[in-house]
Structures are given as structure tokens and as C-alpha cells.
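Chemist: Handing you a structure now.
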């Protein structure tokens, strides 16, 4: 649509069109006249030919030539665009018209979708107080009248009378039965009778980030109702559970003010948290928290408090959630409620989170504590599974400092050697290379590599080179560069080149680790853990260039030192020999044709 409008604005001068409705006169670089949109005696309406816009200082109407025609003719922008095309005989590229028409259709569908769900939300909200058993249930849960209205909590009654009443009212709003069926509000039972999956359920309307009604969560409450406890609206382009959070539009202002949010699982938990003053609260829609959820929260907050379930499924959910928080740079604090209570039940008893909130633990501490508590009670196989679960998450952390801190805490808590955990962690890092590289930043420009820490740079070179062989896209180290590297780096490189002729993938790394000493194995494992990410040829060349420059500085410094000593002792023959050696090194470096040896 915007492309079509841009095309029209380039072809149709705004002054020409506005002049058909308003008598304009020049006033410097713009034109002015009486506003056609409100009654006035002053000429407060202006048109800027250069910018292609109009503005009224009286009623503040503004826009371009398309929006002017739409407003003055009381038609839609797309209809205004078509009118201008016909009036001026414009030849519009077919793809622009198709794209614009598709955009209009999508916009109309979107508006109809939100209007339909708003109607159902209002209707169901009215029905709640008209059906005593449902209303009494909500009140019995401790939810106040104020919260019922704030969250528009409703009830969807069953029976043909209720459905016919709903259909009758909907038709007055131009909402037909087929529209309600397409939206998943009704379905045909096959006996010419409409039914709703929300029948006899308390209904929690769900809104998007702009506060528009887009779906519902329905909860059964009658004792003998054996249906699923919760039922959510079917997914559509406008209702994606993995991107929506219940209560978000209600909590948005509070979240922005407090820079923090409470994340809970249930609709009732969310309502009760808000009722007790924790207005910065949202709930997932019966699904696991997603990266999209956290990206949405990250717009407003820096800290997420999550109420922890406490069972094994909850612990695994926390592992996933922690990983997601680290990816979107949110701080995660875990609140554990006693006796397996959910937030709603806990608040009904204690009326506040004052007792548990100060005990909230950062995810690092929670990780270690939860893992250690469970670890001690398990057999060997189960212990390995727990360690694998935690290391899988740690391996996805791009920040090497966080990764090292967490690994050290884990080592202390489960009483396992740090070196052993590092080697195990490497297996997870290695398995993610390729599948995870796009989303996990590679630490090729860390402070270690940027500093004069030669060991860190050597470790980075060998780790990247080895992993490139594993991936099948090897970065080759020139022989003269290898000759300049420390002994252990040359050793690993020689083993790697020899083994890659018969070993591929993970087997190559295993073969290299098997052939080096225990000290070298620990160094190489650490190198692969912290420096083994994928880089392109240009980035790898830049790293080698650093190595060459550093070694050249070392060589020059050593030769100058030896020349000074030889000169002081009067050994002219030694001085000449050293000068010849220096000249040979310099010539060798200057004659290298590829970029790795070129001075910046």
C-alpha cells in the first residue's frame, strides 16, 4: 500500500488536488487558504509543495495528497488512491495494485477479526453476572468486582437460547454465523446445531499489545465437567499463543514504571497478583514461555520475576527460560512459593509476597542450588542426565564470563572437577556449532584477543582452525605461520592435519585430544570451549595477521637485544650475522603476497 501511495504522490502534485477544493494563495515557500475540514475565518490551512503535505494550524489535520482526498471525500485511503489514478489517468504497475489490494483486504480482515472478538468479549462479560453459578465461582476464587471488570472476565453459557441470542446480537453488528465459525467461536455438531468449545466455561479475554481483543481462554469450573481444564482460541495470523501474554496491555504502564515484571502461568494467578497490588504481571497462554514473549517484555523491563513450580517439569522449564533470558539480555529472578502453592492460593493465604520476594534468587544461584539438591539423591545415570541438562543450557550462553562463572559454581555444588565439566561442556558447544552459530555471537573480538595476551590469541587460532576442519570448511594455516607458533600449538596443528585425512566431524576432535598430553588436553579443551566459534575467511585472516605482527615484534626485539650485546662485546662477526638474519626475516615478510602478511 505504501508503495502505491508513494507512486501516486510522485505523479500527482498536492497543490493541484487541494486547489480543486480550497482557494490557495502564495505565502513564501508554501500556500495557504481556509481549511475545508472545519469552519474558520482565518486562513490557517497550509500546503507545502516541496514536501507534498498539508497542515491546518486550527484543527491540526495533516497528511499527503492521498489522505487529503480520503478526508475531504470521506472515503478510505485506498479508494482515494483509485480516484486519483482514474482522475489523472495514471498507469500504475500491476504489482503495485495487486500488493495494495492485498494489503487492503488484509487490513479489512484484521479489523473484522478484532471487532468480532471485542463483541464476544463484551457479550461474555455481560453474561457472567447474569448466570449466578458462574459469577459465584469467580467470587469464590477471591476475585473482586474491580478485577472482573478490569480483565473483562466473562462466562459463555450453553444452550440454544443463549447461542441464538448471541447470533441475533452479532448480526446487528454485521457479524454472521460463518464469521463466528471461522473464528473458532462456534462449530457445527453435524446436527444443524451450533456449539461452542467455550460453553459453560469462565472466559478470560486475551488482548494483543495494542489492547485489541484477539482471543479467549476458557476454564471449566463445574465439578463433573471432564473436559480439558483450559481451552484457548484456535491460532490465527492475529492470535499466536507464542507471541501473546495475558494481561500485557493492562500491565504495560506498570512494567515501564517499575522496569520489572512477574511472569506466572495461569489466568487466575495473573488476576490475583494484580488484585494484590502486583500490577506488573503477565501470564503465558498455557504454553511454555518463548523467546518472542521475552522479547516483548524486554521492550519495557530489565528484570523478570518468575514464580517457580518446584517439580521436575518446572525445573526443566526454568532451564529453558534461563537460556531465553540470557539471549534477550533480561535478568531473571526465581521466586519459590512454599508447599507447592500457586500465586493465587498463596496470596489468598498471605495477602502479600513480602515473605518470599526478598528471597528471590538469581538464575545462577537457582541453577546451582536446584541441581545440587537433586544431584545428591540420584544414581550415576540420573546424575549424568542432570549434568547434561545444565551443560546444554550453559553451552548456549555467548558471554564467556557468565559461562565460566556458572561452570565454576556448578563444579563446586556437585563436587565434580572443573576440568571434567569443561571437557563435557565442550561436547555441547561442539554439537551446536553450525546449528547455533547464527544466533550465538562468536567471541573473536574479545578483550583477550585484542590485548597482548599471546596465549589467548594462540588458543583462539588453534580452536577455530580445528573446529573449521570438523565442519568441513577448513581454515588452513600457512606453514610459515605455523613455524612461528608456540610448541603446543604446532603440535596440535600437526596432529590435526594428520588425523583429518582419516577422521571427520566430532571424531577428529576426539582423535586430537587422545594424542596430546593431559596438560595439553586441558588447555585445548578450554580453548575449544571458549574460542571455538565459526568465523569467515576474512576474520580468520585478521587473527593470523595479529599473530604475525606479534611474533614479528618479538623477533625484532630479540634481534635488537642480541645485536646490542654483540656490539658491547666487540663481536663484529656476530653483529653482521644478526643483521643478515634480520634482513632475511624482513624480506620474507615483505615478499608475502597474500593479505595475511600485509601490514595494516
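Chemist: When the stretch 474-503 is examined, which residues are found to be closer than 16 Å to residue 550 by Cβ and not in a helix (DSSP H, G or I)?
Modeler: 477, 478, 485, 486
Chemist: Please work out if residue 271 is assigned to a helix (DSSP H, G or I), in contact with a helix residue (DSSP H, G or I) (Cβ under 9 Å, 6 or more places away or on another chain) and within 23 Å of residue 138 (Cβ to Cβ). Outline the logic, then answer.
Modeler: Values: assigned to a helix (DSSP H, G or I): yes; in contact with a helix residue (DSSP H, G or I) (Cβ under 9 Å, 6 or more places away or on another chain): yes; within 23 Å of residue 138 (Cβ to Cβ): yes.
Yes; evaluated as a whole, the condition is true for this residue.
Condition check ((1) touching a residue at least 12 places away in the same chain (Cβ under 8 Å); (2) in contact with a strand residue (DSSP E or B) (Cβ under 9 Å, 6 or more places away or on another chain); (3) surrounded by fewer than 16 Cβ atoms within 10 Å (Cβ to Cβ)) across all residues:
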residue: 26; (1), (2), (3): no, yes, yes
residue: 31; (1), (2), (3): yes, yes, no
residue: 38; (1), (2), (3): yes, yes, yes
residue: 41; (1), (2), (3): no, no, yes
residue: 55; (1), (2), (3): no, yes, no
residue: 60; (1), (2), (3): no, no, yes
residue: 66; (1), (2), (3): yes, no, no
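Chemist: Quick check on my filter: what residues within the stretch 160-199 are over 13 Å from residue 116 (Cβ atoms) and touching a residue at least 40 places away in the same chain (Cβ under 8 Å)?
Modeler: Correct list: 196, 198, 199.
Chemist: Can residue 261 be described as surrounded by fewer than 20 Cβ atoms within 10 Å (Cβ to Cβ), under 26 Å from residue 318 (Cβ atoms), within 21 Å of the chain's Cα centre (by Cα) and touching a residue at least 24 places away in the same chain (Cβ under 8 Å)? Let's see the steps before the verdict.
Modeler: Values: surrounded by fewer than 20 Cβ atoms within 10 Å (Cβ to Cβ): no; under 26 Å from residue 318 (Cβ atoms): yes; within 21 Å of the chain's Cα centre (by Cα): yes; touching a residue at least 24 places away in the same chain (Cβ under 8 Å): yes.
No.
Chemist: Further question: If a residue has to be buried (at least 23 other Cβ atoms within 10 Å of the Cβ) and part of a loop (DSSP other than H, G, I, E, B) to count, how many in the stretch 236-252 make the cut?
Modeler: Residues in the stretch 236-252 being buried (at least 23 other Cβ atoms within 10 Å of the Cβ) and part of a loop (DSSP other than H, G, I, E, B): 3 in total.
Chemist: Specify which of the listed residues (203, 209, 138, 220) is under 17 Å from residue 284 (Cβ atoms) and not assigned by TED's automatic domain parsing to the domain that holds residue 271.
Modeler: Numbers: 203 fails: under 17 Å from residue 284 (Cβ atoms); 138 fails: under 17 Å from residue 284 (Cβ atoms); 220 fails: under 17 Å from residue 284 (Cβ atoms).
Testing whether each residue is under 17 Å from residue 284 (Cβ atoms) and not assigned by TED's automatic domain parsing to the domain that holds residue 271 leaves just 209.
Chemist: Is one or more of the residues making up the stretch 27-45 part of a helix (DSSP H, G or I) and either out of contact with any helix residue (DSSP H, G or I) (no Cβ under 7 Å at 6 or more places or on another chain) or in the same structural domain as residue 172 (by TED's automatic domain parsing) (or both)? Outline the logic, then answer.
Modeler: Here is the first cut: in the stretch 27-45, the ones part of a helix (DSSP H, G or I) are none.
Within the stretch 27-45 (the criterion being part of a helix (DSSP H, G or I) and either out of contact with any helix residue (DSSP H, G or I) (no Cβ under 7 Å at 6 or more places or on another chain) or in the same structural domain as residue 172 (by TED's automatic domain parsing) (or both)), the answer is no, since none of the residues qualifies.
Chemist: Only residues that are more than 36 Å from the chain's Cα centre (by Cα) and without any contact (Cβ under 8 Å) to a residue 60 or more places away in the chain: list them for the stretch 73-101, please. Walk me through how you get there before you give the answer.
Modeler: Here is the first cut: in the stretch 73-101, the residues more than 36 Å from the chain's Cα centre (by Cα) are 73-75, 79-94.
Listed by number, the residues that qualify are 73, 74, 75, 79, 80, 82, 83, 86, 87, 89, 91, 94.
Chemist: I'm trying to understand the selection: among the residues of the stretch 115-132, which are touching a residue at least 60 places away in the same chain (Cβ under 8 Å) and surrounded by fewer than 18 Cβ atoms within 10 Å (Cβ to Cβ)? Reasoning before the result, please.
Modeler: Residues of the stretch 115-132 touching a residue at least 60 places away in the same chain (Cβ under 8 Å): 115-118, 120-121, 124-125, 128.
Once the filter is applied, which keeps residues that are touching a residue at least 60 places away in the same chain (Cβ under 8 Å) and surrounded by fewer than 18 Cβ atoms within 10 Å (Cβ to Cβ), the stretch 115-132 yields 115, 118.
Chemist: Answer with yes or no whether residue 7 is surrounded by 15 or more Cβ atoms within 10 Å (Cβ to Cβ), at pLDDT 80 or above and in a helix (DSSP H, G or I). First the steps, then the outcome.
Modeler: On the way: surrounded by 15 or more Cβ atoms within 10 Å (Cβ to Cβ): yes; at pLDDT 80 or above: yes; in a helix (DSSP H, G or I): yes.
Answer is yes for this residue.
Chemist: Among the helices (runs of 4 or more DSSP H) confined wholly to the stretch 125-235, which include 1 or more residues that are in contact with a strand residue (DSSP E or B) (Cβ under 6 Å, 6 or more places away or on another chain) and under 22 Å from residue 266 (Cβ atoms)? I'd like the intermediate steps shown before the answer.
Modeler: On the way: elements: 132-140, 145-150, 160-172, 177-182.
Those helices (runs of 4 or more DSSP H) span 132-140.
Chemist: Scan the stretch 275-323 residue by residue and report those that are in a helix (DSSP H, G or I), at pLDDT 80 or above and within 14 Å of the chain's Cα centre (by Cα).
Modeler: Kept after step one, since they are in a helix (DSSP H, G or I), are these residues of the stretch 275-323: 275, 291-298, 312-323.
Applying the additional criterion that residues be at pLDDT 80 or above yields 275, 291-298.
291, 292, 293, 294, 295, 296, 297, 298 - these are the residues of the stretch 275-323 that are in a helix (DSSP H, G or I), at pLDDT 80 or above and within 14 Å of the chain's Cα centre (by Cα).
Chemist: Residue 373: at pLDDT 80 or above, more than 18 Å from residue 427 (Cβ to Cβ), assigned by TED's automatic domain parsing to the domain that holds residue 306 and out of contact with any helix residue (DSSP H, G or I) (no Cβ under 8 Å at 6 or more places or on another chain), yes or no?
Modeler: On the way: at pLDDT 80 or above: no; more than 18 Å from residue 427 (Cβ to Cβ): yes; assigned by TED's automatic domain parsing to the domain that holds residue 306: yes; out of contact with any helix residue (DSSP H, G or I) (no Cβ under 8 Å at 6 or more places or on another chain): yes.
No: the conditions fail for residue 373.
Chemist: Now for a separate question. So which residues in the stretch 556-581 are surrounded by 13 or more Cβ atoms within 10 Å (Cβ to Cβ), out of contact with any helix residue (DSSP H, G or I) (no Cβ under 6 Å at 6 or more places or on another chain) and closer than 28 Å to residue 481 by Cβ?
Modeler: 556, 577, 579, 581
The values are calculated or read from the model by the stated rules, or taken from the named source; none is laboratory data. Remember, predicted model here, so these are calculated numbers, not experimental data. With ideal geometry, Cβ positions are generated from the backbone for all residues, glycine too; neighbour counts draw on all protein chains shown.
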